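Input: a single structure, listed below in structure tokens.
Computed from the coordinates by the stated procedures, all read-outs in this text should not be read as laboratory data. These figures come from a predicted structure and were not determined experimentally. Using ideal geometry, Cβ is built from the backbone for each residue, glycine included, and neighbour counts are taken over all protein chains shown.
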Amino acid sequence: MQALVLEEKGVLSLRDIDPPLTVGPDDVKIAIHTVGICGSDVHYYTHGRIGPFVLREPMILGHEAAGTVVEVGSAVKHLNVGDRVCMEPGVPNLSSRASKLGLYNVDPDVRFWATPPVHGVLAPFAVHPAAFTYKLPDSVSFAEGAMVEPFAIGMQAATRARIQPGDVAAVIGCGPIGIMVALAALAAGCSRVFISDLSSEKLAVAEQYPGILPVNIRERPFAEVIAEATGGWGADVVFEASGSPRAFDGLFDLVRPGGAVVLVGLPVEKVSFDVAGAISKEVRIETVFRYANIFDRALELIASGKVDLKPLISGTYDFTEAIAAFERAAAGKASDVKLQIRLADGP
Ligand SMILES: [Zn+2]
């Protein structure tokens with residue numbers, strides 16, 4: 001089958017490749033319809049590695065996917081041929097200690113699509129465990145189904161934050177993940193979500209959602225805006241979604257006494273932060289690594305209409321144009337949130 005293959009750093013090709021597609025008793029085979037391009041796909045393309053994960057042989061890219069079930073393993077009960085689905089790209093060892101604790105996202109043995117040496121799904125077909133394959137409600141399109149994966153990170157962040165109704169949140173960084181975090185925080189009950197960035201184009205995308213309040217830190221310090229908005233008290237929850245070391249300077253000026261700071265962005269290098277600033281407010285610090293037990297609830301929110309991810313799809317490319325889509329993604333246009341590639345016809 002033809003797939004989008006990252007041959008080596010900087011070299012993509014659309015070519016034949018035949019990874020095994022054996023359907024085990026607990027698996028389903030999926031005809032892939034739509035795949036979103038993630039920052040990690042682009043990073044493997046431009047750098048050939050992310051931290052310890054190094055591309056050593058050609059790998060199919062793509063992990064944000066939706067499609068149609070075309071074959072069902074003998075032991076699969078909850079899915080049928082013809083079901084429209086989206087897939088959770090990380091597959092843990094379900095017998096592991098982490099999985100037994102419900103923390104399967106941090107199972108050291110997790111195999112994640114398009115993370116070397118595991119192939120991704122920018123290909124006509126994929127085989128996946130049914131347990132990590134989720135039926136799309138009728139009202140949810142394939143394009144929205146392929147947005148569930150990045151939205152799940154926002155949902156995991158909102159879950160870790162333990163948001164209470166009426167909380168005021170501050171999100172640092174208005175990239176795709178920052179926006180997902182802001183939307184999930186609103187859906188979780190926040191009254192207002194402030195989001196900061198240096199780019200007015202990025203902030204303009206977030207601003208179209210009622211309840212999300214953009215702050216351009218070229219114009220005013222974020223802490224000043226948060227202090228003014230909360231009578232000097234601070235935000236109940238602060239999400240760090242930029243990964244920028246500079247975000248850690250004054251991080252605890254944003255949060256109220258006893259509030260929470262949730263770390264979502266991944267700085268490339270080690271960063272130092274103000275421990276005394278955190279302790280003096282008894283701040284609760286949480287971290288987010290992907291997600292666990294989130295996809296069902298993300299789909300419920302999208303189907304209910306409470307979360308609309310469609311405005312975040314900035315461009316859709318045919319599979320034959322997949323390399324052009326990656327080149328646009330690598331160019332990093334500020335107003336682009338999510339680019340998607342379609343491998344099949346129909347909505
Ligand atoms: Zn992703």
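If the limit is 31 Å between Cα atoms, which of LYS9/LYS270; LYS270/LYS333; LYS9/LYS100; LYS29/LYS100 go over it?
Going by Cα-Cα distance, LYS9/LYS100 fall outside the 31 Å limit.
Helix 148-161 sits at what angle to the longest principal axis of the chain, using alpha carbons and giving 0 to 90 degrees rounded to 10?
40 degrees
Rounded, prolate or oblate: which one fits the stretch 1-106, using the alpha carbon gyration tensor with axes a ≥ b ≥ c (rounded when a/c is under 1.5, else prolate when a/b beats b/c, else oblate)?
oblate
Where nothing but the Cβ of Lys and Arg (+1) and of Asp and Glu (-1) is charged, how large is the charge dipole of the stretch 152-287 around its Cα centre, in debye to the nearest 20?
240 debye
Going highest first, how would you order 122-134, 200-212 by mean Cβ packing within 10 Å?
122-134, 200-212
Where nothing but the Cβ of Lys and Arg (+1) and of Asp and Glu (-1) is charged, how large is the charge dipole of the stretch 1-88 around its Cα centre, in debye to the nearest 20?
Using Cβ point charges on Lys, Arg, Asp and Glu, the stretch 1-88 gives about 140 debye.
Using Cα pairs under 8 angstrom and six or more residues apart, how large is the relative contact order of the chain, in percent?
18 percent
Working only with C-alpha atoms, what are the Rg and Dmax values of the stretch 152-287, expressed in angstrom?
Taking only Cα atoms of the stretch 152-287, I get Rg and Dmax of 13.2, 37 Å.
Run the helix sum for the chain: -39,500 (n - 2.57) per DSSP H stretch of 4+ residues, divided by residue count, reported at 222 nm to the nearest 500 deg cm²/dmol.
Mean residue ellipticity, 222 nm, calculated: -7000 deg cm²/dmol.
Note down the magnitude of the dipole of the chain about its Cα centre, charges +1 on Lys and Arg C-beta and -1 on Asp and Glu C-beta and zero elsewhere, to the nearest 20 debye.
480 debye
Among ALA260, GLY234, ILE217, flag the residue with its Cα farthest along the positive direction of the charge dipole of the stretch 152-287, charges on Cβ as +1 for Lys/Arg and -1 for Asp/Glu.
Of the options given, the answer is ALA260.
Decide, for the chain, between rounded, prolate and oblate: order the square roots of the alpha carbon gyration tensor eigenvalues as a ≥ b ≥ c, take rounded if a/c falls under 1.5, and otherwise choose prolate if a/b is larger than b/c, else oblate.
prolate
Just how far, in whole angstrom, is the stretch 80-154 from the stretch 174-214 if you go by their alpha carbon centroids?
One Cα centre to the other: 26 Å.
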